[in-house]
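Below is one structure, written out as C-alpha cells; the observations come after it.
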Amino acid sequence: MNLLPQDSLELIQNAPSIVFLTGAGISSESGIPTFRGEGGLWKNFRAEDLATPEAFQKNPKLVWEWYDWRREICQKAKPNLGHLIIAKWQKKSSSVHLITQNVDGLHPRAGSETLIELHGNIFRVRCTNCTSIFHLEKDGLDHPGLKFCKECDSLLRPDIVWFGEEYNQNLLTKSWELCKQSQVVILIGTSANVSVPTNLAQTAIRNGAIGIEINPEETNLTPSMKHHFDGKSGEVLPQIWKEVFPDETME
Ligand code: OAD
C-alpha cells in the first residue's frame, strides 16, 4: 500500500520547490547519537558546560575534548539511505532544497552539494580573534585538545551555533526565503524543540506548503503536518522515493 495519497503525491511530483528540513534523527541510523532521545547527548551531558560561549570561556579544553570526541564519531560514520536519497533527489531536481540542523557533515558526504547547515559544521573552526576559518582535517588541525589560529595564534573554536548565540544572518535569510516559497516541507528526525528550525517549518506551512514528518515519535509540529510517517528515515524515505519516482531505480 502506498504511503502517500494521490493528491499529495501529485503535489510532490509537480512542486516548484520542496524543502527538506533535517535533524539529528536522520543520522541516528549512521550511529550518531541524537540530543534528546534515549541515550541522547543532552541526557548525559549538560549543554551549559559544553555548548555555550560561557562554557568555552571557562574551560576551553573541556569543550574541545567533547567536540573532538563527537568529531571522531562523525568521521567514522557513513551516510545512510536517508542522506543518500535526499542527495539523489537534489541531483535530479534543482527545486529540492536542504536545510539541516546537523553539524555532522553526513549530508555533504552523501552528495548534497547545496545545503544550509543552520547550526554549523563540526569539521570547521573559526578564530576567536580574527576572521580566519579552517577545516580541521584539510588544514591539519585535527589533533586532540586546544587548537590555535594559523594566522594570529589565537584560540580556535568550533564553528557551531551554541546556546545563546545568534544564527548566521545570511543562512537564516536564505532559509526563510526557501521555506516561504516551498509547496512541500519534509521534516525528518527533529524533535522540534529548537525555535528557529521549528519556526522555519511553521512559516512554510503558514505560506501554504503541506508538511510531511518522518519520525518514530510525534513532535510539537505533528499537529500541523498533513502526513506523519511513524518510522525511521532510512526506511520511510526509500518508500517515498519509489512512489514519487516509480520508474527510477534506487542505485
Ligand atoms: P533531537 O535529539 O532533539 O531529536 C531527534 C529526533 O529524531 C527525535 O524526535 C527522534 O524521535 C527522531 N529520530 C530518531 N531516530 C530517527 C530515525 N531513524 N529517523 C527519523 N527520526 C528519528 O535532535 P534535533 O531536533 O536535531 O543544536 O535537535 C536540534 C538541535 O538541538 C541540534 O541541532 C543541536 C541540539 O542542541 C546544536 O548543536 C547547535
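Pick out, in residue order, every one of the GluC sites (Glu not before Pro) in region 85-191 that is DSSP loop and has at most 16 other C-beta atoms within 10 Å; say none if there are none.
E113, E137, E151, E165, E166
For the pair L171/D153, report the inter-label distance in nm, with labels modelled 7 Å from Cα in the Cβ direction.
Between L171 and D153, the label points sit 3.1 nm apart.
Quick one: with all protein chains in place, what share of the accessible area of the chain is carbon or sulfur, to the nearest percent (1.4 Å probe)?
49 percent
Under 5 Å between amide H atoms, partner at least 5 residues away or on a different chain: which partners does F20 have, H built in plane at 1.01 Å?
Under 5 Å from the amide H of F20 lie the amide H atoms of H97, L98, I99, I186, each far enough along the sequence or on another chain.
May I ask you to evaluate 6.51 cos²θ - 1.76 cosθ + 1.60, the Karplus curve with θ = phi - 60°, for each residue of region 195-202 and list the ³J(HN,Hα) values in order in whole Hz, giving x for glycine and proline?
5, 4, x, 5, 5, 4, 5, 5
Using the Karplus curve 6.51 cos²θ - 1.76 cosθ + 1.60 with θ = phi - 60°, work out ³J(HN,Hα) for each residue of region 160-174 in order, rounded to whole Hz, and write x for Gly and Pro.
10, 7, 8, 4, x, 9, 6, 7, 5, 5, 5, 5, 5, 4, 4
Go through F123, W89, N168 and say which Cα lies farthest out towards the positive end of the charge dipole of region 51-191; charges sit on Cβ, +1 for Lys and Arg, -1 for Asp and Glu.
The one lying farthest along the dipole's positive direction is W89.
I want to verify a result. In a Gaussian network model of the chain, Cα cutoff 10 Å, which of these has the top mean-square fluctuation: N170, N121, N59?
In this elastic network of the chain, the residue with the biggest mean-square fluctuation among N170, N121, N59 is N170.
State to the nearest 20 debye the size of the charge dipole of region 97-157 about its Cα centre, where the only charges are +1 on K and R beta carbons and -1 on D and E beta carbons.
Dipole magnitude for region 97-157 comes out near 100 debye.
PRE reach from E217 (point 7 Å along Cα→Cβ): which of region 75-117 fall under 19 Å by backbone N?
Once the point is set 7 Å along Cα→Cβ of E217, 101-103 turn out to lie under 19 Å by backbone N, inside region 75-117.
If one takes the longest principal axis of the Cα atoms in the chain, at what angle in degrees, from 0 to 90 and to the nearest 10, does the Cα axis of helix 233-244 lie?
Approximately 40 degrees, to the nearest ten.
Quick one: length gained pulling T128 to D49 fully straight, 0.36 nm per residue minus the C-alpha distance?
Here the segment from T128 to D49 would lengthen by 26.6 nm.
Of the residues S132, S233, S195, which exhibits the maximal mean-square fluctuation in a Gaussian network model of the chain defined by a 10 Å Cα contact cut-off?
Highest fluctuation of the listed residues: S195.
Would you mind telling me the antiparallel percentage of the DSSP bridges in the chain, rounded to 5?
Antiparallel: roughly 30 percent of the beta bridges in the chain.
With every protein chain left in place, what is the accessible area per residue of the chain in square angstrom, probe 1.4 Å?
Value returned for the chain: 49 Å² of accessible area per residue.
Given charges of +1 on the Cβ of Lys and Arg and -1 on the Cβ of Asp and Glu, with all other atoms neutral, how large is the dipole of the chain about its Cα centre, in debye to the nearest 20?
The dipole magnitude comes to about 340 debye.
The values are calculated or read from the model by the stated rules, or taken from the named source; none is laboratory data. Quick caveat: nothing in here was measured; it's all calculated off a predicted structure. For neighbour counting, all protein chains shown are included, and Cβ atoms are generated from backbone atoms with ideal geometry for every residue, glycine included. Heavy atoms of the whole protein, side chains included, go into the accessibility calculation; ligands, DNA and RNA do not. Shrake-Rupley method; radii C 1.70, N 1.55, O 1.52, S 1.80 Å.
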